[in-house]
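To keep things clear, I will list the structure first and then write my remarks on it.
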Amino acid sequence: MLDKNATILIVDDTLIMRESLRRILLAMGYEHVVQAENGREAIKVLETSGKKIDLIFLDIVMPIMDGKAALKKIRETNKTLPAIMLTSVADKDSIIECSKQGITGYVLKPINATDGPAMLTDIFAKL
């Protein structure tokens, strides 16, 4: 189970999606949430923030640096960071490609306040 003191990084190019997921996590008791708008910003957070990131939610489709490229870059230096991919389409090829990079799981967007907590609890139980 994911510790309530864990620091979680949400990476999505849509502010509404980041904020929605952040609110769900806060309601679940996860108060340490960091956000990034794209893969490049996520890499910067991981390299320079000084905070240990315990889990990353990573959107697959984003401008500047997409989730697949960001995950590949992350895996060059961190093979164990739990990564949950976010996707608005059930793109099996992208999920398979990300699975080869060692993802923890994936979530179909949008994540809503009704179903989101139970879905995330199931994922966090496997960590």
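Throughout, read-outs are computed from the coordinates displayed, never taken from laboratory work. Worth saying up front: this structure is predicted, and the values here are computed from it rather than measured. No Cβ is skipped: glycine too gets one built from the backbone with ideal geometry, and neighbour counts run over all protein chains shown.
Summary table below
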{"item": "Neighbourhood charge, 9 Å Cβ-Cβ cut-off, centred on Gln35 and excluding it, Lys, Arg +1 and Asp, Glu -1", "result": "-2"}
{"item": "Environment charge at Pro110 (Cβ cut-off 13 Å; Lys +1, Arg +1, Asp -1, Glu -1)", "result": "-1"}
{"item": "Cα-based shape type of the chain, given that a ≥ b ≥ c are square roots of the gyration tensor eigenvalues and the cut on a/c is 1.5", "result": "rounded"}
{"item": "CD proxy at 222 nm, helix term only [per DSSP H run n ≥ 4: -39500 (n - 2.57); per residue of the chain; nearest 500]", "result": "-12000 deg cm²/dmol"}
{"item": "Kyte-Doolittle at least 0.5, axis length at least 15 Å by Cα - qualifying DSSP helices, the chain", "result": "15-27"}
{"item": "Gaussian network model of the chain, Cα within-10 Å springs - most flexible of Val33, Val45, Val89", "result": "Val89"}
{"item": "Under 30 Å from the Cα of Lys52 - lysines, other chains or at least 8 residues apart", "result": "Lys4, Lys44, Lys68, Lys72, Lys73, Lys79, Lys100, Lys109, Lys126"}
{"item": "Given charges at beta-carbon only (K, R positive; D, E negative), |dipole| of the stretch 7-125 in Debye", "result": "320 debye"}
